[in-house]
Amino acid sequence: MKSTFLKLLILILLGSFINALHSQNISGRVNNFSNVAISGVDIIINNKVISNTNSQGVFILPKTYQLPLKITLNHPNYYIKTVSLSKNNSVIQLYILDNTLNLEEVTISSTYQKESQVIIPTAKISSQKFAEYSPVDLFSALNETPGVYIQNGALNTNRIVIRGVGSRTLYGTNKIRAYFNGIPITNGIGETAIEAFDPEDIGSLEIVKGPKATPYGTNLGGTLLLNSKQASEGETFIRSNLTVGSFGLIKNNVSVATANEKLAINLNYDHLKTDGFRDNSNYNRKAVLLTSTYKFNAKNDIGVLINFTDYNAQIPSSIGEAAFNEDPSQAAFTWNAAQGFEDNKQVLIGLYYTHRFSDQFSNTTAIFYNYLDHYEPRPFNILDEYTNGYGARTLFAKDFKFLNQTAQLSFGGELYKDDYNWKTIENLYESNANNGSLEGALLSDNIEHRTNLNAFATVTLPFTKKLKAQLGINVNTTKYEFKDDFNIGENNKNADRNFNPIIAPNLNVLYQFTSNINAFTNISRGFNYPSIEETLTPEGLVNPDLGPETGFNYEIGSVLFLFKRKLRFQLTAYLLDIDNLLVADRVGDDQYIGRNAGKTEHKGIELSASYTQKFKNGFLFSPYLNAEITNHRFIDFVDDLTDYSGHQLTGVPDIKVNGGIQFGYKNFVLNTNFLHVGDMPLNDANTLYADDYTVFNTKLSYRSGLSNHFSIEINTGINNFTDEHYASSVLINAIGFGNSEPRYYYPGMPRNWFSGFKIAYSI
């Protein structure tokens, strides 16, 4: 109590100071047409972000400005709006737009380090979209995006597949690059674990499908750009959200933040605990996120990011078909006997500095450090590893005149290095009297040094008021060094591998026929490197013939608005040709070797439609539908003398459809949605398929402002309310060792509920 009282006293005193500081400032409020406040709206004057709206939708402008004043309001989920502010405390309303394409795009050099700046449509997911689901659920909002399919084996076991790329990754996510607040979170061999971040801390997430985001690498899968929630200027608050639910779910998120003209600080703490619905599936995570920026003057500011995550997650692993159908709550027998788990401690630190040489020219440079300590007892051995990753990134952004219009140029580079130290230890769980894993003899001890260097440049040219083109190029070099500290003499497996540089060009073209219809196209080249383990033969020698996957992406599409822009359609068709397909062949319990096995062709059509209708009585009706139809196939694929050419790509459904309806009335919001996933082949021979499934979710929220400072929200929801029996993730080409059944399936969650209570105090 004493500590809580002291925190509130400090908060009140700090808020009083800020209120006094801004007592003469200009303020306004931004709502949607349900009169619900919109947070995170950029207030732009003369092409510069001057302020943002807070959790109450309020923005404050410095007292140096005078009314009347022309401002532009920009938010990724709403139409851009330019208004003339003529009186203080004005209320401005914005129309919602899902997966928006900013037709009147405002380019701000200082945002280049956090946004892709791709001129053709990308998927942008806001904190409001994440809030439509359980606060435990990071991936359902991503699964709404056509072309993106997330497989969830557990809270700590996820695979992100974009347009079929990444489906052959057996565990985790690779073949994409990801950034958090402009800091790389993908390691030296291309693996990404965004589940380390709490969805309640994420302000926005941009998905770039395919190798189109030249400044952020050109991986064939694409790019994820995550950004944390930030306090807006003039805002001071403390928020707490407590959620409870099925299977022992308890989650508490606490955020404290303040911001003024010079300094902004956000501090978030999250604790998540659940027993899981399967045996051996307890999960316990604690996380702290600190972000801060300081503005020295109009030309210079500095920022810091610190994210610490500590979690312990038991591993039930995948199960065979008989177990999946009879009792999906059971864990794999050996994993249950070994009481397998993973214990992770992860730290991400980033420091970035922005200098504006002029209103048209800026630079942002960041240095970063990433540490991961991972301990994982498995039935076949115990993995003990830690990784030190570090590097630097710099990006210059320049606006210039081209054909009497404003064009943009950006260029820079990124260096990432990490040292991966890992060893395996004998697991004596079978002789440990049912007490789980027990360390035995050392089996291996290795160090990997991995270096990745990217140089990039992008130029955006407006040829006419309707036609805009964007040309980019990325040059990458990658180097691996492997050191065997366990074996000596002729058994020693020291090795290194330098890959030849890869040049990846990219062209985007956007044509705006009218304000309500446009067309776009993309041609781009991308690549994926093998991991260092894949480059080694079973004898531990480097395979000099193993190279990266390379491919070309071709894309065309259009966005159409109807009924006074209440209805939005987007239709996209793509073709992705991949050569030198990387295949991981399993040669043991935890042993895989890589091969360049042939070619794949990824073809698909993606459709998204959304409609928003506001009625005079305050009722809001907003349905949406997203769909993808794909035909991903092996074009040339021979594996162990068996020809799989022409077969469907393994682990990818040929259809995915999702949709939902949002109802709003006064303080109530009801979200109902569904996800349908078609059947998918589990093996390269296409003789075994996972069944299709449909999952329905719903969430009801009530929000109210108790006073000018206090607000509350009460919510409750049900996931999978039809209790569908389905596999939320699969392990392709599974092998049964001995007499055991191949373990293809990770069971999806049965029907489960959650309920939360949020309270916020703002000054």
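Rolling a 1.4 Å probe over the protein heavy atoms leaves Y390 with an accessible area of roughly 90 Å².
Heavy atoms of the protein chains alone define the surface here; on that basis the range 371-530 has 47 Å² accessible area per residue at 1.4 Å probe size. Once you have a ≥ b ≥ c as the square roots of the Cα gyration tensor eigenvalues for the range 173-320, tell me rounded if a/c is under 1.5, and otherwise prolate or oblate according to whether a/b is larger than b/c. Oblate, since a/c reaches 1.5 and b/c is not below a/b. If you bin every alpha carbon distance in the range 217-268 into 5 Å steps from zero, what whole percent lands in each bin? Binned Cα distances yield the sequence 5, 15, 16, 13, 12, 13, 12, 12, 2, 0.
Please work out the FRET efficiency for the pair Y511 and L575, using the Cβ-Cβ distance as r and a Förster radius of 25 Å; give the result to the nearest 0.05. Show your work: numbers first, answer last.
Working: r = 20 Å, r/R0 = 0.80.
After rounding to 0.05, the efficiency reads 0.80.
Dividing the radius of gyration of the alpha carbons in the range 400-499 by their Kirkwood radius gives 1.38 for Rg/Rh. With n ≥ 4 as the cut-off for DSSP H runs, can you work out [θ] at 222 nm for the chain, using -39500 (n - 2.57) per run divided by the number of residues, rounded to the nearest 500? Helices in the chain give a 222 nm mean residue ellipticity of -1500 deg cm²/dmol. Ranking of W753, W422 by solvent-accessible surface, largest first: W753, W422 (1.4 Å probe, protein heavy atoms only, all chains present). Given a 1.4 Å probe and the protein chains as shown, D692 ends up with an accessible area of around 80 Å².
Going down the table (K423/K493; K175/K656; K209/K483), which pairs top 25 Å between alpha carbons? Where the Cα-Cα span goes over 25 Å, the pairs concerned are K209/K483.
Anything over 27 Å Cα to Cα? Flag those among K48/K124; K286/K699; K566/K616; K286/K666, in the order listed.
Details: K48/K124 21 Å; K286/K699 25 Å; K566/K616 15 Å; K286/K666 35 Å.
Pairs exceeding the cut-off: K286/K666.
How do L348, L403 rank by accessible surface area computed with a 1.4 Å probe, from largest to smallest?
Details: L348 5, L403 105 Å².
Correct descending sequence by accessible area is L403, L348.
Grab the beta carbon distance between H449 and N300, set R0 = 35 Å, and tell me the FRET efficiency rounded to 0.05.
0.50
Normalised per residue, the accessible area of the range 156-264 is 21 Å², obtained with a 1.4 Å probe and no contribution from ligands, DNA or RNA. A 1.4 Å probe, protein heavy atoms only, puts the accessible area of S86 near 90 Å². Counting only Cα atoms, the size of the range 620-677 along its three principal axes is 65, 15, 10 Å, in decreasing order.
Summarise the accessible area of the chain (1.4 Å probe, protein heavy atoms) by the percent that is carbon and sulfur. Mind dumping the intermediate values first?
Details: 18200 of 31750 Å².
It is 57 percent, rounded to a whole number.
Simple spin-label estimate for N432 and T722 gives 4.2 nm between the two label positions (7 Å along the Cα-to-Cβ direction from each Cα).
For the range 254-398, what is the Kirkwood hydrodynamic radius in Å, using each pair of distinct C-alpha atoms? Intermediate values should be presented prior to the final figure.
Details: mean 1/r = 0.0537 Å⁻¹.
Over the range 254-398, the inverse of the mean reciprocal pair distance is 18.6 Å.
Let me check something: with ligands and nucleic acids excluded, how do T82, T122 order by accessible area (1.4 Å probe), largest to smallest? Could the numbers behind the result be given before it?
Working: T82 70, T122 15 Å².
Correct descending sequence by accessible area is T82, T122.
Dividing the convex hull volume of the alpha-carbon atoms in the range 138-234 by its residue count gives 106 Å³ per residue.
Over the chain, the pair-distance histogram of Cα-Cα distances with 10 Å bins from zero comes to 3, 13, 24, 28, 20, 9, 3, 0, 0 percent, rounded to whole numbers. Setting aside same-chain residues fewer than 8 positions from K465, which aspartates and glutamates have a Cα under 13 Å from its Cα? List returned: E104, E105. The label point for T642 and the one for H374, both projected 7 Å from the Cα toward the Cβ, are 2.9 nm apart.
Among the trypsin sites (Lys or Arg not before Pro) within the range 614-707, those in coil by DSSP and having at most 16 neighbouring Cβ atoms inside 10 Å are K616, K666.
The values are calculated or read from the model by the stated rules, or taken from the named source; none is laboratory data. Note that the coordinates shown come from a computational prediction; the quantities given were computed from them, not determined experimentally. A quick note on method: Cβ atoms are made from the backbone with ideal geometry, for glycine too, and the neighbour counts reach across all protein chains shown. The protein model used for the area step is the full one, side chains on, heavy atoms only, and it has no ligands, DNA or RNA in it. Shrake-Rupley method; radii C 1.70, N 1.55, O 1.52, S 1.80 Å.
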